[in-house]
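K.L.:
Below is the structure I would like to discuss, written out as structure tokens.
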Amino acid sequence: MPKDTLTVVDNRTGKSYELPIQNGTVRAADFRQIKTSDDDFGLMAYDPAFMNTAACRSAITYIDGDKGILQYRGYPIEQLAEKSTFLETAYLLLHGELPTAAELDAWVYQVTHHTIIHENIKKFIDGFHHDAHPMGMFVSAVAALSTFYAEAKRIADEQMRNNQIVRLIAKTPTLAAFAHRHSVGMPYAYPDNDLSYTGNFLNMMFKTTEVKYGPHPVLERALDVLFILHADHEQNCSTSAMRGIGSSHPDPYSCMAGAAAALYGPLHGGANEEVLRMLREIGSIDAIPAYIQRVKKGEVRLMGFGHRVYKNFDPRAKIIKQIAEQVFDVTGKNPLIDIAVELERIALQEEYFVSRKLYPNVDFYSGIIYEAMKFPVDIFPVLFAIGRTPGWLAQWQEMLLDKEQKIARPRQVYTGPAKRDYVAIEKRS
Ligand code: ACO
């Protein structure tokens, strides 16, 4: 009779243990009973980079990496990208269900009316050096928001949590646009409540002397879909940072600054920026084979390729390719797209990439679209952060309400010296 258990025999002692299996997992803590003696600490699981360890239960995002499936709260990403809006998707991630028309109106109203930031924030953005990276400014500005909302510490209070969630979703585009305008020396453009979430962001980024900025509807929609595609991706590096920091119970601004810092790295959200630099470095289709050789020799990584979870294709990359065509119809073709398409074609035939299951990820084509829309390269990771904000917040809230969660505190395997006595400085060789 099959049982949902795992029988483990410890060959050191000959003892046998039966561990329950639930949801395809065993509890790592169950291994602690496996000891060689009473004073033995007990067996631990060793899993650097969490390659095979679930740290939480989550009802937010489902990914099947082999089949290339991504769903938010059960809804396929392809359907959300086609039919939803970023704010509706944010509501879905946070509340678990799609909103009714009245709920959506109230949610959009709330977010739209919290986009303005305190004037003092402008002062410290002014203090950054002229060539400060927008992501550095963004991370700092998000952290600084906590000093403007002292009540944000009251994370056990649902209303307080909701207030900060609305503020964060509403204000991240403002912070991002202000960081950009500082770096290009342009006056800050204030939010326009007549515009959509994404339309207003384009307004704050690109408005110059016109009395009223009107975003191009195709570009406005394309950016909205890009935000939808980035809105959550379960327990990735930055979301794990959000949960890990949140587990010691600081306010959500401090948590999100940490999550955004994790996103900044070139192996995560910073990859979109690196892809653009790489394509420019390659420069022409003729130069692709030589570049692929360098990748195969391990000299460089093919940025925008590979994923910890997706080993077949990244469904977001497929959707992004379609958006690229719509955007180029308006902006004209970004010449880098030809290099990217050819790079993808050659890479997907090469044994190096095929055997390692390396495919284009979400970042491979997103940067080319952003550039065609006139976003400067170094703001790309910030665009990712705006999109990911609702996901971080949904995951943070789920972690706080999960009775099984405690302060995150991994174990280690100590490999340093055994106890030894302090050596006086004159006796050290
Ligand atoms: N180019 C060349 N080789 C690669 C690449 C790449 N982009 N990605 C992985 N490999 C190789 C590794 O060298 C390794 O080869 P080996 O077995 O011969 O040593 C093998 O593929 C497995 O790679 P790992 O680094 O072990 O895979 P991991 O799951 O840890 O890394 C990651 C995933 C970080 C995304 C990696 O593929 C990478 O660095 N990609 C480029 C950066 C990038 O595009 N990041 C964005 C990810 S998507 C996102 O964050 C939204």
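K.L.:
Which residue fluctuates most in the GNM of the chain (Cα springs below 10 Å): ASN203, ASN52, ASN361?
P.N.:
ASN52
K.L.:
Hey, another quick one. Taking H as built 1.01 Å from N, whose amide H comes closer than 5 Å to the amide H of LYS15, not counting residues under 5 places away?
P.N.:
Amide H neighbours of LYS15, under 5 Å, 5+ apart: ASP10.
K.L.:
Whole-Hz Karplus ³J(HN,Hα) for the range 22-39, in order, using 6.51 cos²θ - 1.76 cosθ + 1.60 and θ = phi - 60°, x for Gly and Pro?
P.N.:
Each residue's phi maps through the Karplus curve to give 9, 6, x, 10, 10, 7, 4, 5, 5, 6, 5, 6, 7, 9, 8, 7, 5, 8 Hz.
K.L.:
Please identify which residues in the range 403-429 have an amide N closer than 17 Å to a label point set 7 Å out from the Cα of MET44, following the Cα→Cβ vector.
P.N.:
Residues 407-419 fall inside that zone.
K.L.:
Return the single residue from ALA394, ALA257, ALA106 with maximal mean-square fluctuation; model: Gaussian network over the chain, springs between Cα atoms under 10 Å.
P.N.:
ALA106
K.L.:
As a test of the formula, what do you get for the chain when each DSSP H run with n ≥ 4 contributes -39,500 (n - 2.57) and the sum is divided by the residue count, at 222 nm and rounded to the nearest 500 deg cm²/dmol?
P.N.:
Estimated from H runs of four or more residues: -15500 deg cm²/dmol.
K.L.:
Among all helices in the chain defined by DSSP H, which have a length of 27 Å or more along the axis from Cα atoms plus a Kyte-Doolittle mean of at least -0.5?
P.N.:
Values: long enough: 158-184 (39 Å, -0.30); 380-401 (32 Å, 0.61).
Those that clear 27 Å and a mean of -0.5 are 158-184, 380-401.
K.L.:
In whole Hz, what ³J(HN,Hα) sequence does the range 3-17 give by Karplus (6.51, -1.76, 1.60; θ = phi - 60°), x for Gly and Pro?
P.N.:
10, 7, 9, 10, 9, 10, 10, 8, 5, 6, 10, x, 7, 10, 10
K.L.:
Quick one: how many lysine pairs does the range 271-372 have with C-alpha atoms less than 21 Å apart and a gap of 8 or more or different chains? Give me the count, please.
P.N.:
9
K.L.:
I've got another one for you. What lysines sit close enough to LYS207 to cross-link, taking a C-alpha to C-alpha distance under 16 Å and skipping anything fewer than 8 places away on the same chain?
P.N.:
LYS374
K.L.:
Something else: Quick one: compute a quarter of the convex hull surface over the Cα atoms of the range 288-429 and quote it in nm².
P.N.:
16.5
K.L.:
Still on this structure: Considering amide H positions built from the backbone, and no H for Pro or chain starts, which residues 5 or more places from TYR75, or on another chain, come under 5 Å of its amide H?
P.N.:
none
K.L.:
Step by step: find N for the chain, compute 2.2 N^0.38 Å, then divide the Cα radius of gyration by it. What's the final number? Can you show the working numbers first?
P.N.:
Numbers: Rg = 24.1 Å, N = 429, 2.2 N^0.38 = 22.0 Å.
Normalised by 2.2 N^0.38 Å, the Cα Rg of the chain equals 1.10.
K.L.:
Counting other beta carbons within 10 Å of each Cβ, put ASP39, ASP286 in order, fewest first.
P.N.:
Values: ASP39 6, ASP286 10.
Neighbour counts put them in this order, fewest first: ASP39, ASP286.
K.L.:
Here is a follow-up. Within a 10 angstrom radius of the beta carbon, how do LYS153, LYS15, LYS212 rank from fewest other beta carbons to most?
P.N.:
Values: LYS153 17, LYS15 13, LYS212 9.
Starting with the residue having the fewest Cβ neighbours, the order is LYS212, LYS15, LYS153.
K.L.:
Still on this structure: For the chain, modelled as a GNM with alpha-carbon contacts under 10 angstrom, which of VAL377, VAL108, VAL354 fluctuates the most?
P.N.:
VAL354
K.L.:
Determine, for LYS207, LYS311, the number of other Cβ atoms within 10 Å of each Cβ, and report the residues in order from fewest to most. Present the calculation step by step, with values, prior to reporting the outcome.
P.N.:
Numbers: LYS207 21, LYS311 16.
In order of increasing Cβ crowding within 10 Å: LYS311, LYS207.
K.L.:
Would you mind checking which residues have amide H under 5 Å from ILE69's amide H? H placed 1.01 Å from N; only 5 or more apart, or other chain.
P.N.:
Long-range HN contacts for ILE69: ASP64.
All of the numbers you see were taken from the coordinates with simple rules; none came from a lab. Since we're looking at a predicted model, the values are computed, not measured. All Cβ positions, glycine included, derive from the backbone under ideal geometry; neighbour counts span all protein chains shown.
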